[in-house]
1. Please find, among T351, T381, the residue that is in contact with a Ser or Thr (Cβ under 7 Å, 6 or more places away or on another chain) and either touching a residue at least 40 places away in the same chain (Cβ under 8 Å) or open to solvent by 30 Å² or more (accessible area, probe 1.4 Å) (or both).
2. Quick test of your reading of the structure: S307 fulfils all but one of (1) crowded, with 21+ Cβ neighbours inside 10 Å; (2) touching a strand residue (DSSP E or B) at 6+ places or on another chain (Cβ under 9 Å). Name the failing condition by number.
3. Which ones in segment 456-495 are part of a strand (DSSP E or B), free of Cβ contacts under 8 Å to residues at least 60 places away in the same chain and within 23 Å of R70 (Cα to Cα)?
4. Given the condition within 29 Å of R84 (Cβ to Cβ) and among the acidic types (D, E), answer yes or no: does some residue in segment 408-416 qualify?
5. I'd like the residue in segment 143-192 that is assigned to a loop (DSSP other than H, G, I, E, B), out of contact with any strand residue (DSSP E or B) (no Cβ under 6 Å at 6 or more places or on another chain) and of a type in the set (G, A, S) and, out of all such residues, is nearest to G38 (Cα to Cα).
6. Check off (1) surrounded by fewer than 15 Cβ atoms within 10 Å (Cβ to Cβ); (2) more than 20 Å from A465 (Cα to Cα); (3) not aliphatic (A, V, I, L, M) for D533 and give me the number that stays unchecked.
7. Which ones in segment 236-258 are part of a helix (DSSP H, G or I) and either farther than 24 Å from R111 by Cβ or of a type in the set (A, V, I, L, M, F, W, C) (or both)?
8. Checking I197 against (1) more than 23 Å from the chain's Cα centre (by Cα); (2) assigned to a helix (DSSP H, G or I); (3) not charged (D, E, K, R), only one condition comes out false. Which one?
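The values are calculated or read from the model by the stated rules, or taken from the named source; none is laboratory data. None of the values given here were measured: they were computed from a predicted structure. Every residue, glycine as well, gets a Cβ built from its backbone with ideal geometry; the counts of neighbours run over all protein chains shown. Protein only, heavy atoms only, side chains kept; ligands, DNA and RNA dropped before computing areas. Shrake-Rupley method; radii C 1.70, N 1.55, O 1.52, S 1.80 Å.
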Amino acid sequence: MTHDHDLVLRPTAAQTEAALNPPPGRNGGDLVVETLAGLGATTVFGLPGQHALGMFDALRRSDLRYIGLRVENNAGFAADAYGRVTGEAAPLLLSTGPGALTSLAALQEARAASAPVLAIGSQVPTAGLGGGRHGYLHELPDQAASFRGVVKSVHTVRTQSQIPSAIAEAWTSALTVPHGPVWVEIPQDVLLAQTPIPVVTGGDTFPEELPPRPELTAVAADLLTRAERPAIIAGGGVVRADASKKLRQLAERLQAPVVTTFGGKGAFPWTHPLSLQSWLEDRHTTDFLEDADVLLVVGSGLGELSSNYHTFQPRGRMIQIEADLGKLESNHPALGIHADARLALQALLETVGERTDPGAPERVRAVLDKVRDRIASQELTLEQDVLAAVREALPSGAPSFWDMTILAYWAWSAFDAKAPNTMHSAQGAGGLGYGFPAALGAAAADPTHPVLAVSGDGGALYSIAELATARQYDLNVTWLIVDDGGYGILREYMTDAFGAPTATELTRPDYVALAESFGVPGVRTTPQTLAADLAKALAAPGPSVVVLPAVLRMFAPTHLG
């Protein structure tokens with residue numbers, strides 16, 4: 001019989017010696033960085049502030065690589081992208097009050113996109129906790145309350161001995177599916193005080209898996225096997241779970257057409273005979289999905305964008321596999337399976353029968369032909385040519401990060417991501433300014449590929465300061481700025497709704513000259529020279545900026561009529 005005490009790991013002689021004689025000059029901040037290193041972190045993002053200086057001082061005594069951005073929200077976007085690309089929890093070090101609050105929009109995006117971010121912020125001194133008004137700089141009555149509706153979990157530290165466990169608990173939370181951002185806050189005096197606590201040498205955590213209930217997958221497998229017109233919607237959960245190969249195996253076994261959501265770009269091969277691609281904002285696709293007698297939705301909550309603005313009304317049986325319990329059956333009744341996409345797809349592969357349906361590829365082609373005809377009737381050659389030029393210039397394995405801009409909205413539907421986990425955007429929360437700082441985070445995660453960022457001029461103005469970051473760390477990011485002199489999509493929306501736009505026009509700088517003032521090469525291009533100019537910039541090491549002056553238009557929506 002095995003007893004719990006038989007499983008205790010006893011320290012080695014070297015660990016005992018280190019514990020009895022910790023190096024001098026350490027403070028609470030050292031406990032933070034030592035815990036992060038013990039958990040496996042190698043890179044941290046952030047921006048220093050007065051209450052957080054203990055953490056930043058400790059960085060110089062650690063082997064962690066620090067990437068400092070110029071705005072906390074941009075640091076959050078960089079950490080978000082690092083988490084998406086690596087699947088690891090990206091540490092984000094912030095200060096109190098304004099510094100912490102400035103990160104909230106980025107953390108909202110990370111939560112919506114299930115990106116693991118471990119945000120660690122400082123707090124006012126311990127005496128100021130508890131809601132009293134002591135007048136400390138940056139003081140809030142309840143700083144943690146600002147984060148509770150945004151992140152997965154909140155962890156407040158009050159003593160140095162709590163630091164390793166609190167950070168490890170937060171790390172586990174961030175990496176338990178669905179992944180997401182978490183918030184840890186530590187008072188200034190706890191970070192600054194000298195510590196007698198031994199060096200943190202361990203920190204393995206084991207995020208819980210989320211397997212499906214077997215009785216539910218048995219029912220789902222039976223429904224799919226007996227279906228006459230099955231179809232699949234693949235969302236971002238497939239990409240996050242690294243389940244694209246299993247999705248393809250299941251689709252081919254069932255001969256089920258697959259459409260990917262905008263967050264699930266690349267989850268299914270674009271040119272596969274069963275691929276409906278990503279044309280979710282199209283009535284032809286919506287009609288096809290509504291006609292399915294069994295619809296499998298994997299890793300998507302079928303929110304506004306994935307449901308053609310809630311006009312999608314399925315008529316058949318729906319099976320929904322979703323790791324986020326809050327999304328399960330939140331928009332449509334279904335056989336809800338609360339599970340990680342990879343584990344659920346594996347369970348279905350083990351139990352589902354094989355279908356033969358030689359007409360499925362033909363039905364897919366018919367839908368895509370209708371979509372192409374609809375777009376072709378709107379005389380949008382410029383927009384399609386620009387998107388094609390971007391695809392031509394971008395190496396197939398290189399990641400791209402798209403801001404909320406008209407070219408990105410085209411890309412959601414019409415861009416071939418080539419591979420899973422390579423195309424990312426801020427469509428989860430929908431905030432401006434994501435593209436460039438996120439691309440910097442991805443370049444920090446993997447310097448072996450060039451990284452593309454795409455912004456409009458409105459979104460670019462959110463991130464100009466990060467040209468200094470790109471230059472300082474020589475990050476391999478090419479930034480395409482489509483300059484139309486304003487908030488282009490809002491200009492369209494307002495003109496359509498009210499007959500004229502208001503507050504959408506912008507006085508903007510010379511982006512090429514501005515980039516060059518940071519020491520970043522810049523070039524002004526045209527739709528005709530875009531592919532060549534972009535390819536050249538992507539091939540050159542270090543950061544670069546390509547500016548395309550152009551007014552692009554969106555294709556007509558199908559959810560209004």
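1. The conditions single out T351.
2. S307 satisfies all of (1) crowded, with 21+ Cβ neighbours inside 10 Å; (2) touching a strand residue (DSSP E or B) at 6+ places or on another chain (Cβ under 9 Å) except (2).
3. Answer for segment 456-495, where residues must be part of a strand (DSSP E or B), free of Cβ contacts under 8 Å to residues at least 60 places away in the same chain and within 23 Å of R70 (Cα to Cα): just G456.
4. The answer is yes; a qualifying residue exists.
5. Top of the filtered list is G180.
6. (1)
7. Taking segment 236-258 as the starting set, the residues that turn out to be part of a helix (DSSP H, G or I) are 236-240, 244-254.
Once the filter is applied, which keeps residues that are part of a helix (DSSP H, G or I) and either farther than 24 Å from R111 by Cβ or of a type in the set (A, V, I, L, M, F, W, C) (or both), segment 236-258 yields V238, V239, K245, K246, L247, R248, Q249, L250, A251, E252, R253, L254.
8. Result: I197 fails condition (2) only.
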